[in-house]
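The values are calculated or read from the model by the stated rules, or taken from the named source; none is laboratory data. In this text the structure is predicted, and so the values were computed from the model without any measurement. Here the Cβ positions follow ideal geometry from the backbone for every residue, glycine too, while neighbour counts run over all protein chains shown. Calculation scope for accessible area: heavy atoms of the full protein, side chains included, ligands and nucleic acids excluded. Shrake-Rupley method; radii C 1.70, N 1.55, O 1.52, S 1.80 Å.
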Amino acid sequence: MAAEVRPRLTVLSGPSGVGKSTVVAHMRKVHPEVWLSVSATTRKPRPGERHGVQYFFVNDDEFDKLIANGELLEWAEFAGNRYGTPRGAVLERLENGEPVLLEIDLQGARLVRESMPDAQLVFLAPPSWDELVRRLTGRGTESAEVIERRLATAKIELAAESEFNTTLVNTSVEDVARELLALMEVV
């Protein structure tokens, strides 16, 4: 009798502004059964973001408690805010045989690899550096100082591409979403 194939945890990472959220939103529109972990963050909501949908918005004390209680699979500080993946919900979904996707930064991806070595790490790369700069400056939601920090971080993140199992280049949201679904064996 063949062993039951359990879905692997898939981690999507890449530099800020590469389009991770856009790809994931498109993918989930087509395949809503793919469960995306909702991260906790100390960052303030952007216009249109809702608690429990895009993020669990928490204050510093609440975040400290999540860390102290071992409730985060990974957490990282980025651009002055902390982000973390709640452990329980991820493990529960995997146990139920559901495909699970994490959309997290490089630091978080490294921590997940340490705690879950069989996770599939997928790097989302921009078509070019110029395109990444255009996307980061075109948001219009951050100050020049924050954009400079994000660009400096993006250079470091791009250099880590070789640490990932697979690289997808974000030339088309639809194509990348399809490729990601195929890697997750959802299609």
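Could you grab the pairs with beta carbons closer than 8 Å, sequence gap of 6+ or different chains, first residue in segment 165-186 and under 23 Å from LEU106 (Cβ atoms), second one of a type in the set (Asp, Glu) and not in a loop (DSSP other than H, G, I, E, B)?
THR167/GLU161; LEU168/GLU179
Among LEU66, LEU12, which is the only one that is buried (at least 18 other Cβ atoms within 10 Å of the Cβ), modelled with pLDDT of 90 or more and within 25 Å of LEU180 (Cβ to Cβ)?
Selected residue: LEU12, the only one of LEU66, LEU12 that is buried (at least 18 other Cβ atoms within 10 Å of the Cβ), modelled with pLDDT of 90 or more and within 25 Å of LEU180 (Cβ to Cβ).
Of everything in segment 130-148, what is touching a helix residue (DSSP H, G or I) at 6+ places or on another chain (Cβ under 8 Å) and open to solvent by 20 Å² or more (accessible area, probe 1.4 Å)? Give them in sequence order.
Once the filter is applied, which keeps residues that are touching a helix residue (DSSP H, G or I) at 6+ places or on another chain (Cβ under 8 Å) and open to solvent by 20 Å² or more (accessible area, probe 1.4 Å), segment 130-148 yields VAL133, THR137, GLU142, ILE147.
Just need a number here: residues in segment 43-58 that are surrounded by 13 or more Cβ atoms within 10 Å (Cβ to Cβ) and more than 12 Å from the chain's Cα centre (by Cα).
So the count comes out to 6.
I'd like to check which strands (runs of 3 or more DSSP E) are fully inside segment 71-112 and have at least 2 residues that are among the charged types (D, E, K, R) and under 13 Å from the mean Cα position of the chain (by Cα).
none
Among the residues of segment 25-42, is any open to solvent by 30 Å² or more (accessible area, probe 1.4 Å), over 22 Å from VAL122 (Cα atoms) and among the charged types (D, E, K, R)?
The answer is no, given that none of the residues of segment 25-42 is open to solvent by 30 Å² or more (accessible area, probe 1.4 Å), over 22 Å from VAL122 (Cα atoms) and among the charged types (D, E, K, R).
Could you pull out the residue among LEU72, LEU91 that is free of Cβ contacts under 8 Å to residues at least 40 places away in the same chain, over 30 Å from GLU148 (Cα atoms) and not charged (D, E, K, R)?
Only one candidate passes the filter, namely LEU91.
Counting only residues that are surrounded by fewer than 16 Cβ atoms within 10 Å (Cβ to Cβ), of a type in the set (Asp, Glu) and closer than 21 Å to ALA119 by Cβ, how many does segment 165-186 have?
Residues flagged as surrounded by fewer than 16 Cβ atoms within 10 Å (Cβ to Cβ), of a type in the set (Asp, Glu) and closer than 21 Å to ALA119 by Cβ within segment 165-186 amount to 1.
For every residue, the table says whether it meets (1) of a type in the set (Val, Ile, Thr); (2) touching a Lys or Arg at 6+ places or on another chain (Cβ under 8 Å); (3) over 16 Å from SER21 (Cα atoms).
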{"residue": "PRO126", "(1), (2), (3)": "no, yes, no"}
{"residue": "LEU136", "(1), (2), (3)": "no, yes, no"}
{"residue": "THR141", "(1), (2), (3)": "yes, yes, no"}
{"residue": "ARG149", "(1), (2), (3)": "no, no, yes"}
{"residue": "ALA152", "(1), (2), (3)": "no, no, yes"}
{"residue": "ILE156", "(1), (2), (3)": "yes, no, yes"}
{"residue": "PHE164", "(1), (2), (3)": "no, no, yes"}
{"residue": "THR167", "(1), (2), (3)": "yes, no, yes"}
{"residue": "ASN170", "(1), (2), (3)": "no, no, no"}
